[in-house]
Structure formats: structure tokens, C-alpha cells
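The values are calculated or read from the model by the stated rules, or taken from the named source; none is laboratory data. On a predicted model such as this, the values are computed, not experimentally measured, just so you know. Neighbour counts are summed over all protein chains in view; Cβ atoms, including those assigned to glycine, are modelled from backbone coordinates with ideal geometry. Protein only, heavy atoms only, side chains kept; ligands, DNA and RNA dropped before computing areas. Shrake-Rupley method; radii C 1.70, N 1.55, O 1.52, S 1.80 Å.
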Amino acid sequence: MSDVPLLELAGDQPAPIGPTADPAVRLSLVIPTYDEAANVAALVRRLHEVLTASGVGFELIVVDDDSPDRTWEVAAGLARDLPNLRIIRRTGASGLATAVICGWSHARGEVLGVIDGDGQHPPEVVADLLEAMDARTEVAVASRHVDGGGVSDWSAIRRLLSRGAQALGLLLLPGTVGRVTDPMSGYFLVRRDVVAGVDLDPVGYKILLEVLARGEVRRVTERPYVFLERSEGESKVSARHYVGYLRHLMRLRLHPLRSRALVRYLLVTGLAVVADAVAFLWIFDRHGWNLTRSAAIAGEVGILLTVALHDLWTFAGRATRGAVDRIRRLLGAQVALGLLLGVRLAVLNALVNWFDLGPLAAFLVAMAALTPAGHLLGSRLTWRSATS
Ligand code: GDD
Ligand code: MN
């Protein structure tokens, strides 16, 4: 057994990802497995072929959580013919995301990656991802939601759950989730220096979110893939994982002042809200204009301020500079926030006319109810960074 590269690890001791790579290894691809004895061999062999054909130095690292079906043993059996294959068997630990990080912390490559061990991620796409990792690209994501991508045979319910989870992510973490079309993807590559020394601490499945939220990622590229059906075994996703996903989002959301963009974003939002309220008081109270018109003008003041400051300051480094792009972005934000302002005016009038609220109280209630949604959805979606 001694010639088989099988590493046995006890317990869940998160190890840091080091900064230095072995120059001979371009890619370290981690394959997390739990009860995939029936799937792992075909996948590993195919990946080995695809990567050998690509001509880069690589290693495949199966990280198995001591599967009852002894997946680790099957994988270790393959290592006799496949020199670039390594196996880690973790005992007393579990979790897809932590398994991936464990694999990365033992990896040697310049580029770190992950692919499911059940054959649902087509192995050929790894060549596209590798090719996408040019000098400027830090993360390459296989996506179901770009042209040429998709899911093979999902029920309406599963599609809905997947899209719902994504929408929720957008609401809570717009700057992170909004950067890619498929934030749930478990098939991607990341440059080592993005995650080296970073304290990755995900709950559950969504390691990509963790990387995008905590790593310093300037450029993401996406490539299409079709999520295949499982031929053997079953998905480990359960209701527990949806709860885990929520906890993960909340944790990233609360991660204190995660980035400069977030601080600026909150400052601009706060300023816009104050300007909106002051403008309303001034126009309505001092000048006695009618309620709807005053609130409309005040709301527009807030919108213009938001749009201008986000473009020139908050997202200055991220947004593309071309004039056409800028106009498209500004119009997009104006339309989104303008629509929401329309709703706010309707709510305002309803509160005054039907619920007998005083105009000032109604203004504040309507603003409190609708501003957060407007800022989260309208503005941050518009400045989601360019991906290609
Ligand atoms: N080591 C380890 N430990 N591996 C695990 C664990 C674990 O606790 N749980 C799951 N895995 C492995 C599985 O064996 C499989 O190879 C891979 O992780 C994905 O798990 P599945 O249970 O097959 O997930 P899925 O098909 O429902 O979800 C996939 O699609 C999502 C997008 O909708 C995964 O790729 C997710 O990463 C992806 O986000
Ligand atoms: Mn799967």
C-alpha cells in the first residue's frame, strides 16, 4: 500500500492554503466524494485523459469523507495506473465545502479547482476552464446559465428552488452573488493567490460564494456546461442544505465590512436616503407642493445621487469605463429605481388616503418599506462586474 498516494486525516482540522505552488503543477483539481464508489473511476479516468491531452502539469485529488461504500479505496486502486492521482481519506469530518478546502490545502498547483465526483459535471469542460484562466482571470466558473449551458432533466420544482436560492442570494449579497450567472456552481477554478492565506470558513455546499466573498477577485470568466443526470447513487442535498445555505449567506452578509465597496455602498445609500427625506420636507413642508409631486421629486433626487455616486465612486474600479456601457448602466439603474419610486408613491398615497396616516409619517413608512429593496435590486445589479 505504501506506493499508493493515500493520505489519511483524522478530524476536521482546517489547514491554511499556502502561497507557494510547485511550478511543475499548473492545476490541482479536487474531487470531493461521498459514496461515489460507482462513479469515481470513470470520472477520474476521463479527467486524466482530458488533462493529459491539454498538456499541462496537473494533479487530481480525491477527498473522500470515509464513505461507507469505500470510495477512497476504489480511488486508491486507480492510483496505481494514474500517476497524477492522490487520495485523501478524512475520518471524523464531513461537508462538501470543507472537503474542497482540505484538498486545496494539500494541493501543489498554481490553479486550484473543484469538480463533483458523481459525473454530473462534464469532465471535458475543465479544458475550457483552464483555457479561460489567462493572466488576468482569477476565477473561471462552469455555468449552467450562459449560452450553451443548461440542466438536462430537472423538475420544475428543482429549477424553482435553484433560482429561488439564487434570487435570495442576490438580495442578501448582491455584490458577490451578482458577479456570476451561476453562483451555485460547484465546478470552477481559482488562482491560488486569490485564496492563499484567506480564512475560508463556509457552511455547507457553496464554496464558490465563499471564494468570491472573501477572496480578492477582480476578474471572473464563465464557460457553459450542461449539468448531467446522475447515473449512479444519489444527491446528498437535503432540506438541511437549504438551511445551511441560508446560514452561509447570513454569515457572509455579517462578515464585518467585508470590502471597501460595501462600506462605500452603505454610505451612498445612507446619504441618498437622507437627501431624499430632506428634499421632501423642504418641498412639501416649506413650499406646500402636493404630496405626490413632492415625494416624486425628492425620490428622484435620491436616485440621481445614488446612481452618480455609485458609478463614480462605489463601483469605480469595477465598472467598465466606455461611454456606451456607462449610459446603459445609468439608464438601467434609473429605470429600476424609477419603477420602485412609482410603487413608493402609490403606497404613500394609499397610506394617506385609506389609512389616514399623516403625510410625514406616510412618507417615512413608504420609504422605509421600499428603499432597501430598491437599493439592493436596482443599483447593485446594474453594477455587477463585467464577466466574459
Ligand atoms: N467529501 C465529501 N464530503 N464530498 C461530498 C459531501 C461530503 O460531505 N457531500 C457531497 N459530496 C460530494 C458528492 O459525492 C458529489 O461528488 C459532490 O460532492 C456533489 O454532491 P451532490 O450531492 O451530488 O450534489 P448535487 O448534485 O445535488 O449538487 C451539485 O450541484 C450544485 C448546483 O446545483 C453540486 O455540484 C454543488 O456543488 C452545486 O452547487
Ligand atoms: Mn450531484
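Anything in the stretch 104-127 that is under 20 Å from the mean Cα position of the chain (by Cα) and closer than 14 Å to L47 by Cβ? List them, or say none.
If the condition is that a residue be under 20 Å from the mean Cα position of the chain (by Cα) and closer than 14 Å to L47 by Cβ, then G113, V114, I115, D116, Q120, H121, V125, V126 are the ones that fit.
I'd like the full set of residues that are without any contact (Cβ under 8 Å) to a residue 40 or more places away in the chain and within 20 Å of the chain's Cα centre (by Cα), limited to the stretch 217-237.
V237
Identify, from the list R230, R219, the residue that is among the basic types (K, R) and farther than 28 Å from T71 by Cβ.
After ruling out the rest, the residue left standing is R219.
Any residue at all in the stretch 84-100 that's without any contact (Cβ under 8 Å) to a residue 40 or more places away in the chain and in the same structural domain as D201 (by TED's automatic domain parsing)?
yes
Looking at the stretch 78-89, which of its residues are modelled with pLDDT under 95 and farther than 18 Å from R108 by Cβ?
R80, D81
Taking only pairs six or more apart or across chains, which ones have beta-carbon atoms under 8 Å, a first residue in the stretch 114-141 that is over 12 Å from R191 (Cα atoms), and a second residue that is basic (K, R) and within 11 Å of ligand 1 (Cβ to nearest atom)?
D118/R230; G119/R230; Q120/R230
Taking the stretch 180-191 as the region of interest, how many residues are open to solvent by 10 Å² or more (accessible area, probe 1.4 Å) and farther than 16 Å from A97 by Cβ?
Counting residues in the stretch 180-191 that are open to solvent by 10 Å² or more (accessible area, probe 1.4 Å) and farther than 16 Å from A97 by Cβ gives 2.
Kindly list the number of the only condition in (1) open to solvent by less than 40 Å² (accessible area, probe 1.4 Å); (2) farther than 19 Å from T371 by Cβ; (3) hydrophobic (A, V, I, L, M, F, W, C) that fails for L291.
Of everything listed in (1) open to solvent by less than 40 Å² (accessible area, probe 1.4 Å); (2) farther than 19 Å from T371 by Cβ; (3) hydrophobic (A, V, I, L, M, F, W, C), L291 misses just condition (2).
Taking the stated definitions as given, is Y187 closer than 20 Å to E110 by Cβ and within 12 Å of ligand 1 (Cβ to nearest atom)?
Yes; evaluated as a whole, the condition is true for this residue.
Being away from ligand 1 (no atom under 15 Å from the Cβ) and either part of a helix (DSSP H, G or I) or not assigned by TED's automatic domain parsing to the domain that holds F315 (or both) is true for just one of R230, R240, R253. Which residue is that?
Matching residue, one of R230, R240, R253: R253.
On the given criteria, is V100 more than 25 Å from the chain's Cα centre (by Cα) and either crowded, with 20+ Cβ neighbours inside 10 Å or over 22 Å from Y187 (Cα atoms) (or both)?
Against the criterion (more than 25 Å from the chain's Cα centre (by Cα) and either crowded, with 20+ Cβ neighbours inside 10 Å or over 22 Å from Y187 (Cα atoms) (or both)), V100 does not qualify.
Hey, does the stretch 159-178 have a residue that's open to solvent by less than 30 Å² (accessible area, probe 1.4 Å), within 16 Å of ligand 2 (Cβ to nearest atom) and assigned to a helix (DSSP H, G or I)?
Yes, that holds for at least one residue.
Any residue that is crowded, with 24+ Cβ neighbours inside 10 Å and within 16 Å of ligand 2 (Cβ to nearest atom) - is there at least one of those in the stretch 78-95?
No, there is no match, as no residue in the stretch 78-95 is crowded, with 24+ Cβ neighbours inside 10 Å and within 16 Å of ligand 2 (Cβ to nearest atom).
Pick out the one residue from L9, L43, L29 that is surrounded by 17 or more Cβ atoms within 10 Å (Cβ to Cβ), assigned to a helix (DSSP H, G or I) and within 30 Å of the chain's Cα centre (by Cα).
Residue meeting the stated conditions: L43.
Of everything in the stretch 116-146, what is closer than 19 Å to G55 by Cβ and either buried (at least 24 other Cβ atoms within 10 Å of the Cβ) or not assigned by TED's automatic domain parsing to the domain that holds R240 (or both)? Give them in sequence order.
V126, L129, A140
Quick check, is E59 surrounded by fewer than 15 Cβ atoms within 10 Å (Cβ to Cβ), at pLDDT 95 or above and not hydrophobic (A, V, I, L, M, F, W, C)?
Considered against the rule, which asks whether it is surrounded by fewer than 15 Cβ atoms within 10 Å (Cβ to Cβ), at pLDDT 95 or above and not hydrophobic (A, V, I, L, M, F, W, C), E59 comes out as no.
Please go through the stretch 202-227 and give me each residue that is more than 10 Å from ligand 1 (Cβ to nearest atom), open to solvent by less than 60 Å² (accessible area, probe 1.4 Å), modelled with pLDDT under 90 and of a type outside the set (K, R), ordered by number.
Result: P202, V203, A213, G215, V217.
I'd like to verify a number: residues in the stretch 49-85 that are over 28 Å from the mean Cα position of the chain (by Cα) and in a strand (DSSP E or B), how many?
Residues that pass the stated criteria total 1.
Restricting to the stretch 27-64, what's the tally of residues that are within 15 Å of W104 (Cβ to Cβ) and either of a type in the set (S, T, Y) or away from ligand 2 (no atom under 16 Å from the Cβ) (or both)?
7
Quick grid of which residues meet (1) of a type in the set (A, V, I, L, M, F, W, C); (2) under 27 Å from A135 (Cβ atoms):
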residue: V25; (1), (2): yes, yes
residue: V44; (1), (2): yes, no
residue: T52; (1), (2): no, yes
residue: G55; (1), (2): no, yes
residue: R89; (1), (2): no, no
residue: T98; (1), (2): no, no
